1. Out of the stretch 2-29, which residues are more than 16 Å from the chain's Cα centre (by Cα), assigned to a helix (DSSP H, G or I) and acidic (Asp, Glu)?
2. Between a residue in the stretch 45-65 that is of a type outside the set (D, E, K, R) and any residue that is at pLDDT below 95 and surrounded by fewer than 22 Cβ atoms within 10 Å (Cβ to Cβ), which pairs come within a Cβ distance under 8 Å, given they are 6 or more apart or on different chains?
3. Determine whether residue 117 is assigned to a loop (DSSP other than H, G, I, E, B) and closer than 28 Å to residue 58 by Cα.
4. Among the residues of the stretch 152-210, write down those that are of a type in the set (Asp, Glu) and closer than 15 Å to residue 24 by Cβ.
5. Take the conditions in contact with a His (Cβ under 7 Å, 6 or more places away or on another chain) and either among the polar types (S, T, N, Q) or crowded, with 19+ Cβ neighbours inside 10 Å (or both) and apply them to residue 4. Does it pass?
6. Would you please name the residue that is nearest to residue 3 (Cα to Cα), looking only at residues in the stretch 166-188 that are within 18 Å of the chain's Cα centre (by Cα) and assigned to a helix (DSSP H, G or I)?
7. The conditions are (1) in contact with a helix residue (DSSP H, G or I) (Cβ under 7 Å, 6 or more places away or on another chain); (2) of a type in the set (Phe, Trp, Tyr); (3) at pLDDT below 95, and residue 78 fails exactly one of them. Which is it?
Amino acid sequence: MGDSITFGQYLDATSRWTSLVEEQLRSQFTEAIEVRSFNRGISGETTRMGLERFPRDVQEIFPDVMTLQFGLNDCNCWQTDGGLPRVSLGSFRANLVEMIDRARRFGARKIVLATNHRTLRRDTLVSGEVYECANGRYNHIIREVAETVGVDLCDIEAAFAHFDDEELAELLLPAPDLLHLSEAGNRVYFTAIWPHVERAVEASIQVVAT
């Protein structure tokens, strides 16, 4: 569940980190469980929009495990909003918590909540804040939510932290905004999130077995 980073914007479906996760799930767990994977990422969406479609996109399928990734659109500011973020920090926190609560109510035994990667967007928003600084503030909220509600945190921001700008440029698509992940960036994302998904699935299998 997420935005364009979960969807895999501008890439062939097989190159997306979600597809790499699904491929690894089928390779590793097919003998133990029936693997069914759903990509519920939609480009341009915020947590507010994700929450609105949550009943249809998540609750109806009763997932055992869910990954949750939002924030890159929430922290952005549009001219038409007069410098306000698309979703305030308080609403962002509340929306994440509600999606987690709803996922648990509808069967999710394990949830992996991800921060967002560094970008090369150094432009100043209408609010006067640099985009990447806003991204960092929303990542801080994600970490707080993970700790507060007791879900597994996959710190994608930390996974990308050691890359310098030249290296990071190879992990991002140059157009349209130095934000979306390239094929190489999706592989880094997969490498970071797979151990969390693997543990979540293993724990879910153990619960069913008992």
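1. 23
2. If the second residue must be at pLDDT below 95 and surrounded by fewer than 22 Cβ atoms within 10 Å (Cβ to Cβ), the pairs left are 65/204.
3. Criteria met by residue 117.
4. Of everything in the stretch 152-210, those that are of a type in the set (Asp, Glu) and closer than 15 Å to residue 24 by Cβ turn out to be 198, 202.
5. yes
6. Checked the stretch 166-188; the qualifying residue nearest to residue 3 (Cα to Cα) is 186.
7. (1)
The values are calculated or read from the model by the stated rules, or taken from the named source; none is laboratory data. The model shown is predicted, which means the values in this text are computed figures rather than measured ones. Using ideal geometry, Cβ is built from the backbone for each residue, glycine included, and neighbour counts are taken over all protein chains shown.
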